[in-house]
Amino acid sequence: MDRVRLEIASLPPRRPRCVVAFALLPLLAALAVLPLGLDAELLFRDPAASTGGPPYLGFFSNLGVLAWSVAATSSLLAALVLPPSRAQSALAAGGLLAAVLAFDDVFLLHESVLPFFGVPEKLILAGYATAAIAYLWTYRDFHRRMDWPLLLAALGLLGSSVMLDVVAEEMDWLVLEDGTKFAGISAWCAYHLLAARFWLRRAITGRGGQHERAATSR
């Protein structure tokens, strides 16, 4: 009990600025709908409720976004906690890439938004593929120490989904195309979640220093 009280006493003080950043700013962003004249129902309500669709509307798409988000959050949290090292930069890069892809999936960036401004969809997909290959190659020493088969499976499945999207437009391919995409996102999420868990546990137990120095030296 005394140890728990000591740990609580050592907690940092309250930060009123966090209230502004994480409560008031989102509220102001929500209230901005009023002067802009946007349809509040379409912005705030669930798509199934707004369109009158079934409850499973966008089921796998929503799960995919959640998986991207878990991968991004776990990786970036680990990167914030770890000291400067090869592992920290690798987790930060993987988390940022997952965050970008999550935003793309939510807001249809490569399908609608960016093509509206004249950016070809194939060019965007090629950019994502280049970023993924650069991430894989730059941190290959890090990935070799982690559950790399999961990462290779994720890249292979996501690449297959992109190829199906490019070469096949028939609805008969929809399940295969989006199914491989969902499987790839899940594998990506699992890989980064396990990697973040590994490095966070080492940081908490104080056993990560030698391993981090070895990873950094390569």
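The values are calculated or read from the model by the stated rules, or taken from the named source; none is laboratory data. This is a predicted model, so every value here is computed, not measured. Cβ coordinates were reconstructed from backbone atoms using ideal geometry, including for glycine residues, and neighbour counts include every protein chain displayed. The protein model used for the area step is the full one, side chains on, heavy atoms only, and it has no ligands, DNA or RNA in it. Shrake-Rupley method; radii C 1.70, N 1.55, O 1.52, S 1.80 Å.
Among (1) outside any loop (DSSP other than H, G, I, E, B); (2) modelled with pLDDT of 80 or more, there is one condition E212 misses while meeting the rest; what is its number?
It fails just one condition, (2).
Taking the condition part of a loop (DSSP other than H, G, I, E, B) and either of a type in the set (A, V, I, L, M) or open to solvent by 90 Å² or more (accessible area, probe 1.4 Å) (or both), does P35 pass?
no
Does L63 fit the bill of being outside any helix (DSSP H, G or I) and either buried (at least 16 other Cβ atoms within 10 Å of the Cβ) or of a type in the set (A, V, I, L, M) (or both)?
no
Please name all residue pairs, on different chains or six or more residues apart, with Cβ atoms under 8 Å, provided the first residue is in region 112-139 and is acidic (D, E) and the second residue is open to solvent by 60 Å² or more (accessible area, probe 1.4 Å).
Close Cβ pairs (under 8 Å, with a partner that is open to solvent by 60 Å² or more (accessible area, probe 1.4 Å)) amount to E121/E111.
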